[in-house]
Structure formats: C-alpha cells, structure tokens
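The values are calculated or read from the model by the stated rules, or taken from the named source; none is laboratory data. Predicted model only: the values in this text are computed from it and were never measured. Note: ideal-geometry Cβ built from the backbone for every residue, glycine included; neighbour counts use all protein chains shown.
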Amino acid sequence: MPIPLHDAKPLTDLIVNISKETSMQREAQAQAQVTVRKDGAVADIAMHVAALLVVGGFWYAGAYFTNVSITAILRWFGATVALDGWLFLVFPLIFSVVEIYGWERRKELKASLIFVAGFVAVLDAGTTVHGVATTVAGKTLPWMSGVTVDSGATALGIGVGTALIITFVPERVLLASIAAIRSAMGALSK
C-alpha cells in the first residue's frame, strides 16, 4: 500500500512552524526536567555553548561530506555543479530542519510525514557515509607507518563510523543545549 504524501505541509511551512510550535514545547520540557540553581546557571550556559561549538564542528564536517557525496553523484549523472558559497548549506540545512522537525514531532505526526522524515535522515546518513568513503578512499593516513585506505570495506567502515557520529548527534545536542540554556537563563532572571 503506497504511503500518501498529499497531506504533507510544504517545506517552508515546516521551517516557519519549527521555531513557533516546538520552542514552547522545548521550553516547557526544559522547565519541567531541568532545575538550575542561580549560582550554577552561568557554568551551565558556558558548558552548553561549548557543546554547541563542538557539535557545530561535527555538523560542518557532516555538511562537507554530504556535499562531497552530492557533488560526486551529480558528476556521475554528467552535471557539474559546484556546491560552494550559500549552496554549500542548502542540502545540509534542509536535512537538519526535516530531521529536527521529525524528531520533535514524531509522536504527533502522521505516518506519511514520519516516513518522509525517516527517509531524509537515511538520505543524510547515506550521503555522509558516501562522502566520507569517497574522501578517504586511496588516501594514506600518516599514522601507523602510513596506512593506505582501500576503496572497499575499509573506506566504507570509516564512512559508517564517522556518519554515526556526525549525522545525528549535532541535531540532538542542539535541541538539548537550547533547552538547557533557556532553563539556565530563566534561573538567572529570577
């Protein structure tokens, strides 16, 4: 039985509604789950800002490898599109917005939208794996007397291992850190 996609909201509605609808939910969850004392609030904010910087680096690495993959796939079809400048951010941002929306609303979304969000997450992970494998295949790593990565299982294994970290972790840490920072800011304002 095909999954009907006619009831899906346009992507622009998803982007607009993410900040409006889910921010109130995140704030309520953060206030219910996290109680921050005023004397620890500054340290909490600093820690979560540092976490955001680290996962921002992970996200950027994931964006890079996703674009390496998309460029290679487009090249395979004969298209020569340079994903640089603002185009560098298009696919990774779309992937992240859909993943965050799907994650935040997974309990209340229709099956067809959960399928779309899941498909986008798999596409994100797949392009990251492909991008990492394409990048490291044939390269000589400077450790262990110069190991050369073959283009088969070793490159694929490195791609899968890397993708598990840089594909899904940044979005989850982003949501948790924003909730914790809001809670800490609320503690400071009391």
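Can you work out which of the residues in region 153-175 that are surrounded by fewer than 19 Cβ atoms within 10 Å (Cβ to Cβ) and among the small types (Gly, Ala, Ser) is nearest to the chain's Cα centre (by Cα)?
For region 153-175, the residue satisfying everything is GLY161.
Take the conditions out of contact with any helix residue (DSSP H, G or I) (no Cβ under 7 Å at 6 or more places or on another chain), within 22 Å of PHE91 (Cβ to Cβ), part of a helix (DSSP H, G or I) and not acidic (Asp, Glu) and apply them to VAL122. Does it pass?
When the stated conditions are applied, VAL122 passes them.
Name the residues in region 38-94 that are part of a loop (DSSP other than H, G, I, E, B), modelled with pLDDT of 90 or more and touching a Ser or Thr at 6+ places or on another chain (Cβ under 8 Å), would you?
If the condition is that a residue be part of a loop (DSSP other than H, G, I, E, B), modelled with pLDDT of 90 or more and touching a Ser or Thr at 6+ places or on another chain (Cβ under 8 Å), then no residue fits.
Please count how many residues of region 82-123 are touching a residue at least 60 places away in the same chain (Cβ under 8 Å) and closer than 15 Å to PHE65 by Cβ.
Of the residues in region 82-123, 1 are touching a residue at least 60 places away in the same chain (Cβ under 8 Å) and closer than 15 Å to PHE65 by Cβ.
Let me spell it out: the conditions are (1) among the hydrophobic types (A, V, I, L, M, F, W, C); (2) surrounded by 20 or more Cβ atoms within 10 Å (Cβ to Cβ); (3) touching a strand residue (DSSP E or B) at 6+ places or on another chain (Cβ under 7 Å), and LEU141 meets all of them except one. Which number is the exception?
(2)
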